[in-house]
There are 4 protein chains.
Amino acid sequence: MTKGRLEAFSDGVIAIIITIMVLELAVPHEGDLRALIPLIPIFLSYVLSFVNIGIYWNNHHHMLNIVQRVDGRVLWANIHLLFWLSLVPFTTAWMGENNFSTWPVAIYGVVLAFAGVAYYILARSLIATNGRDSALAAAVGSDRKGLLSVVIYLVALPFAFVSAWIACALYVLVAAMWLVPDRRIEKTLRQ
Amino acid sequence: MTKGRLEAFSDGVIAIIITIMVLELAVPHEGDLRALIPLIPIFLSYVLSFVNIGIYWNNHHHMLNIVQRVDGRVLWANIHLLFWLSLVPFTTAWMGENNFSTWPVAIYGVVLAFAGVAYYILARSLIATNGRDSALAAAVGSDRKGLLSVVIYLVALPFAFVSAWIACALYVLVAAMWLVPDRRIEKTLRQ
Amino acid sequence: MTKGRLEAFSDGVIAIIITIMVLELAVPHEGDLRALIPLIPIFLSYVLSFVNIGIYWNNHHHMLNIVQRVDGRVLWANIHLLFWLSLVPFTTAWMGENNFSTWPVAIYGVVLAFAGVAYYILARSLIATNGRDSALAAAVGSDRKGLLSVVIYLVALPFAFVSAWIACALYVLVAAMWLVPDRRIEKTLRQ
Amino acid sequence: MTKGRLEAFSDGVIAIIITIMVLELAVPHEGDLRALIPLIPIFLSYVLSFVNIGIYWNNHHHMLNIVQRVDGRVLWANIHLLFWLSLVPFTTAWMGENNFSTWPVAIYGVVLAFAGVAYYILARSLIATNGRDSALAAAVGSDRKGLLSVVIYLVALPFAFVSAWIACALYVLVAAMWLVPDRRIEKTLRQ
């Protein structure tokens, strides 16, 4: 079974997710600059989620790039990942509209933690299908970075009740951690 | 005629259908957890439809994977399937917003029954184009599973007027039946 | 220059156009069947436009299928076609929301007439790029069917002011005329 | 690493951006022609942005067409470009809804200037990856046209406070400048 359509479908869903988030930026009826001020938190949450979805697309691209085979299990692991990502526009908008208050910030992290777990499951499914000695298995290894991300998201949960800004700082930390593309895979490819 | 664009167009339409449904989750203006409670039925109907659309994409992917040729008849059979799938966001939202009340639940099943019939027609068109002794004909056979799904949807219709939950349970049953990817096709491919 | 991305971009835009139209079917807050009655004209206009956009995709698929080359002129002729198609969700919704009243029905046809002209220009650009003795030139010929469609749309314009239903009947006639896929191209391909 | 998915993802995002802008054309509840009059500025801003996004897609298509390699840096430079383009539907709607008043017109240009800078960065990343003596480097050269566009957008900013129409005329000038597809690249390809 070829991976082409899995990539195309994922590209489509991720492209829509990353783009419809901008619809939350409600167009102000006034034409002065101050009309944009209430949109600042919504814009900031949009930027954070745009980067996060961009990271997922980037890593998905890298990961699928070095595997040869996909099967039914991989297709469902992929749809499972897309499900959690599809909730990001909702949590982003909820967080932005409520000015980064406690619960929306906490739930934002919970959905990203589930997406992280789903990504981990997808990586494991791909390794199971392509073999423990495949290029992907070598490149991903024990996937410490992915697991660490999920741990940070879970750590951010209680912190959101102390200060939503600490939780947000942790989300930015995870994003920064991933903004560097997955060198492990590029390195493996070069060898 | 190559099947590449039929796949790409279907991927695009299905990706949009599966993603725009999340727009029905209206973002609450309050930031506490209780603001999410009214969204629970909408979320549950979203999950059910996400899985159903995922199943259609998955089976569509498997089916197109083992055919060689498409023609004008197949293109229209495919657009006909996409039409019924395009109504799923509407029926999903209607069912969720009305807390799984009788008529929305019944109509939800009717649209899925039509989608099932459209999928059956698409399979027959593909077999007609690719030959009765093609790999697809062998893999799909008399398509008992597809026909059984349509029958269950039709059985669910009167039950929706007894209890909407029985009808929903039947919808979940059909989804569960299909969550296992179409092993017949994977088996045929392996041979 | 390869035609792959022109096809992919067109597939994306057409997939979105055909799918976002369903968002006009506003979800009723009541759960009884009568709540669907006000949606009937919107649904009918949706069906008509779904078929029309489906026809454009189908013909676009056929036409691009038999050409080899695209250049900058073709890219812009294609974007020009997509522009007019992108207005169809608006005219469809206007027509449906106003219960097929005169002006919306008239403007619906005007936009389709412009789309027809844009399709004609695209066909001419492709023939100019691929040569007067190319397979496309032979298949399309003088494109009587395309020109006839535009003429019928223009004839429908004054009729919309007599009776909107005559105009709509003419729109259905054009759609029926095209529902048969472009046999000329399939015939040429077979030779 | 292949460029196929970068093109597919960009096509998806750009297709959505160019299409969702039409959703800003709110469907009038009245069915007479005068109901369209308030939509005229929104329509004009839509046309301008449709052309601008079309130009970006066109140039993106040309540029990716002549490169061989992409890497992590290019992926992020591309996502950065898509981010600024994703803000265009918002600035377009703001400008249209406020009848081309000063601030919306100014901000519209600012976002396009950032998109221009992002495009420049993407071109530099592609040249860095593909080599200073690659076909792209020869075709793009010092990219005077791209830099000139950004300069004109910046010049338009103060002019928006004199007259929004001067600023708009400058935006139209930039679009006209680019409507001719990038002959440099087509020329390089032919050699």
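The values are calculated or read from the model by the stated rules, or taken from the named source; none is laboratory data. Note that this is a predicted model, so its numbers are computed, not measured. Ideal geometry is used to build each Cβ from the backbone, glycine not excepted, and the neighbour counts take in all protein chains shown.
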Of all residues in the range C:91-107 being surrounded by fewer than 24 Cβ atoms within 10 Å (Cβ to Cβ) and not small (Gly, Ala, Ser), the one that is nearest to C:Val117 (Cα to Cα): C:Ile107
Specify the residue that is farthest from A:Leu39 (Cα to Cα); the eligible residues are those in the range A:1-19 that are touching a residue at least 24 places away in the same chain (Cβ under 8 Å) and in contact with a Ser or Thr (Cβ under 7 Å, 6 or more places away or on another chain). A:Val13
Does the range B:179-191 include one or more residues that are of a type outside the set (Gly, Ala, Ser), under 21 Å from B:Ser45 (Cα atoms) and either modelled with pLDDT under 95 or outside any helix (DSSP H, G or I) (or both)? yes
Within the range C:81-100, does at least one residue satisfy the condition of being more than 9 Å from every other protein chain (Cβ to nearest Cβ) and farther than 27 Å from C:Phe161 by Cβ? yes
Any idea which residue in the range B:59-80 is nearest to B:Asp11 (Cα to Cα), counting only those that are at the interface with chain C (Cβ under 8 Å from one of its Cβ atoms) and surrounded by 20 or more Cβ atoms within 10 Å (Cβ to Cβ)? B:Ile79
Look at the range B:27-45 and say how many of its residues are surrounded by 16 or more Cβ atoms within 10 Å (Cβ to Cβ) and β-branched (Val, Ile, Thr). 2
Being touching a residue at least 40 places away in the same chain (Cβ under 8 Å), part of a helix (DSSP H, G or I) and out of contact with any His (no Cβ under 8 Å at 6 or more places or on another chain) is the requirement here; does A:Ala118 meet it? no
Could you tell me how many of the residues in the range D:50-82 are over 11 Å from the mean Cα position of the chain (by Cα) and closer than 17 Å to A:Ile18 by Cα? 6
Go through the range D:119-144 residue by residue and tally those that are closer than 27 Å to A:Leu25 by Cα and buried (at least 19 other Cβ atoms within 10 Å of the Cβ). 2
Quick one: is D:Ser86 at pLDDT 95 or above, of a type in the set (Gly, Ala, Ser) and under 11 Å from D:Ile17 (Cβ atoms)? yes
Taking the range C:22-42, which residues are more than 8 Å from chain B (Cβ to nearest Cβ) and either hydroxyl-bearing (Ser, Thr, Tyr) or closer than 14 Å to B:Pro89 by Cα (or both)? C:Glu24, C:Ala26
Among the residues of the range B:2-9, is any among the small types (Gly, Ala, Ser) and more than 14 Å from chain C (Cβ to nearest Cβ)? no
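Name the residues in the range A:43-56 that are of a type in the set (A, V, I, L, M, F, W, C) and modelled with pLDDT of 95 or more, would you?
Hits for the range A:43-56 are A:Phe43, A:Leu44, A:Val47, A:Leu48, A:Phe50, A:Val51, A:Ile53.
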So which of D:Tyr119, D:Tyr153 ends up being more than 14 Å from chain A (Cβ to nearest Cβ), farther than 23 Å from A:Asp32 by Cα and hydroxyl-bearing (Ser, Thr, Tyr)? D:Tyr119
Among the residues of the range A:122-141, what is the count of those that are at pLDDT below 75 and not aliphatic (A, V, I, L, M)? 1
All positions within the range A:133-155 that are within 16 Å of the chain's Cα centre (by Cα) and touching a residue at least 24 places away in the same chain (Cβ under 8 Å): A:Lys145, A:Gly146, A:Leu147, A:Leu148, A:Ser149, A:Val150, A:Tyr153, A:Leu154
A:Leu48 fails exactly one of the following numbered conditions: (1) surrounded by fewer than 24 Cβ atoms within 10 Å (Cβ to Cβ); (2) within 13 Å of chain B (Cβ to nearest Cβ). What is the number of that condition? (2)
May I ask you to list pairs of residues, at least six apart or on different chains, whose Cβ atoms are under 6 Å apart, with the first in the range D:156-178 being surrounded by 19 or more Cβ atoms within 10 Å (Cβ to Cβ) and the second being outside any helix (DSSP H, G or I)? D:Ala164/D:Phe100
